[in-house]
Amino acid sequence: LTGPITGTVNDGSSLPGVDLTFINSTDKLGTNWNGFQDIIGSGVASGIKSYTISLGTSPSDTNILGPKLYTLRDSATVSELDLLGDSTYYFSVFAMDSAGNISSTATSNGITIDIEPPRAGEVMDITAYNFILGDLSDQDWININSSLVTYWRNFSDALSGIASYEASVLDSNEIPIIEWRAPLTDSTAFIIGLSLEDAKTYKTAVKTTDVAGNITIGTSNGITVDLTPP
């Protein structure tokens, strides 16, 4: 006669224990849960038989996905959804034991849909010499071919926030000539080990990823290599 104990519900991923706050998917969402138990109350415990999940725009609501029953498992992925950006959704789960008793409903803390990429700011090409001098103004020419410094500012993300930056160097066709690299700070990257060609123009590039996984790439206006003396 005793229903199962209610557990906890995570949203955004079907991986055990993973609880996301933001995601950039509008058609598919994962959820996972744990802690539901069927305990001995009236002398027996029949054991959990199934879980029922739902999805809504407010806690315990079912307006996006009506109650859907699953046999013994601890996660699910719901697809063919039509979710809206800048909106928050909540998974709800209850358990039923083999005798037909049900637990109280547990609801997740919500997952917000973020489909807007970060806003790109300014990216400047700096020579190592100017960087050492503390001069972060954009440079048009460089007389060494082994290193570049890139400096950026005013990148932003209004919803989930910026999670990471990466830097690279692009050729005249705007194709990276090196792998994307983690920067020194959130505004500068010292890129070494280059083999830039004389009389060629290159751009430094900054890849910005927000918490939801949206990406923006900002590029400089270019810097030209001049290795030939007068």
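The values are calculated or read from the model by the stated rules, or taken from the named source; none is laboratory data. Note that the coordinates shown come from a computational prediction; the quantities given were computed from them, not determined experimentally. Because the Cβ atoms are built from the backbone with ideal geometry, glycine has one as well, and the counts that use them run over all protein chains shown. Heavy atoms of the whole protein, side chains included, go into the accessibility calculation; ligands, DNA and RNA do not. Shrake-Rupley method; radii C 1.70, N 1.55, O 1.52, S 1.80 Å.
Compare the Cα positions of Thr26, Leu184, Gly43 along the charge dipole of the chain (+1 at Cβ of Lys, Arg; -1 at Cβ of Asp, Glu; about the Cα centre) and return the one farthest towards the positive end.
Of the candidates, Gly43 comes out farthest on the positive side.
Of Ala205, Ser104, Val149, whose Cα points farthest to the positive end of the dipole of the chain (charges on the beta-carbon: +1 Lys, Arg; -1 Asp, Glu; origin at the Cα centre)?
Ranked along the dipole, the leading option is Ser104.
Taking R0 as 22 Å, what FRET efficiency do you get between Asn109 and Ile39 from their Cβ-Cβ distance, rounded to the nearest 0.05? Intermediate values should be presented prior to the final figure.
On the way: r = 25 Å, r/R0 = 1.15.
Efficiency, rounded to the nearest 0.05: 0.30.
Of the peptides 167-177, 25-35, 70-80, 105-115, how do they stack up when ordered by the mean number of other Cβ atoms within 10 Å, highest first? Mind dumping the intermediate values first?
Working: 167-177: 15.0, 25-35: 18.1, 70-80: 12.6, 105-115: 19.8.
Going by the mean number of other Cβ atoms within 10 Å, highest first, we get 105-115, 25-35, 167-177, 70-80.
How high is the FRET efficiency between Arg119 and Leu15 when r is their beta carbon distance and R₀ equals 22 Å, given to the nearest 0.05? Present the calculation step by step, with values, prior to reporting the outcome.
On the way: r = 30 Å, r/R0 = 1.37.
Between Arg119 and Leu15 the formula returns 0.15.
For region 7-137, max minus min Cα coordinate along each principal axis, in Å, sorted largest first?
Reported extents, whole Å, longest axis first: 79, 30, 19.
Assuming 0.692 mPa s and 37 °C, estimate D for the chain with Stokes-Einstein, Rh taken as the Kirkwood radius over Cα pairs, in µm²/s. Numbers along the way, then the final one.
Working: Rh = 21.0 Å.
For the chosen part, D equals 156 µm²/s.
Restricting to Cα pairs below 8 Å that are 6+ residues apart, what does the relative contact order work out to for the chain? Please round to a whole percent. Provide the component values of the computation, followed by the final result.
Values: 630 pairs, mean separation 43.3, N = 230.
Contact order relative to length: 19 percent.
Between Thr185 and Ser164, what length in nm is gained on full extension when 0.36 nm per residue of separation is reduced by their alpha carbon distance?
Working: separation 21, 0.36 × 21 = 7.56 nm, distance 1.02 nm.
Separation in residues times 0.36 nm, less the Cα-Cα distance, equals 6.5 nm.
What whole-number volume per residue, in cubic angstrom, does the convex hull of the C-alpha atoms of region 79-153 give?
On the way: hull volume 17.5 nm³, N = 75.
Convex hull volume per residue, Cα atoms: 234 Å³.
With N residues in region 103-230, what two-decimal value do you get for its Cα radius of gyration over 2.2 N^0.38 Å? If you can, show how the numbers build up before the last one.
Working: Rg = 18.2 Å, N = 128, 2.2 N^0.38 = 13.9 Å.
Cα Rg divided by the expected 2.2 N^0.38 Å: 1.31.
Per the Kirkwood formula on distinct C-alpha pairs, the Rh of region 183-230 is how many angstrom? Each step should come with its number before you reach the end.
On the way: mean 1/r = 0.0764 Å⁻¹.
Averaging 1/r across every pair of different Cα atoms and inverting gives 13.1 Å.
How high is the relative contact order of region 63-198, given as a whole-number percent (alpha carbon pairs under 8 Å, six or more residues apart)? Display every interim value, and only then the final one.
Numbers: 175 pairs, mean separation 25.2, N = 136.
Reported relative contact order: 19 percent.
Just to confirm, what accessible area per residue do you get for the chain at 1.4 Å probe, in whole Å²? Walk me through the numbers on the way to the answer.
Values: 11700 Å² over 230 residues.
Value for the chain: 51 Å² per residue.
Debye sum, Cα scatterers, region 52-92, no solvent: what log₁₀ I/I(0) at q = 0.14, 0.20, 0.24 1/Å?
Per q value, in the given order, log10 I(q)/I(0) is -0.31, -0.61, -0.84.
Going 7 Å from the Cα of Asn143 toward and past its Cβ, which residues in region 210-226 have a backbone nitrogen under 20 Å from where you end up?
223-226
Once the Cβ-Cβ distance between Ser195 and Ser79 is put in as r, and R0 is 45 Å, what FRET efficiency do you end up with, to the nearest 0.05? Before the final figure, lay out each step's value.
Working: r = 47 Å, r/R0 = 1.03.
E between Ser195 and Ser79, to the nearest 0.05, is 0.45.
For the chain, compute the number of Lys pairs whose alpha carbons are separated by less than 30 Å, excluding pairs fewer than 8 positions apart on the same chain. Let's see the in-between values first.
Numbers: Lys28/Lys49; Lys28/Lys68; Lys28/Lys207; Lys49/Lys68.
Pairs that pass both the separation and distance tests number 4.
Can you pull the percent of the chain's accessible area that's carbon plus sulfur, 1.4 Å probe, other chains left in place?
Numbers: 5920 of 11700 Å².
Whole-percent figure for carbon plus sulfur exposure: 51.
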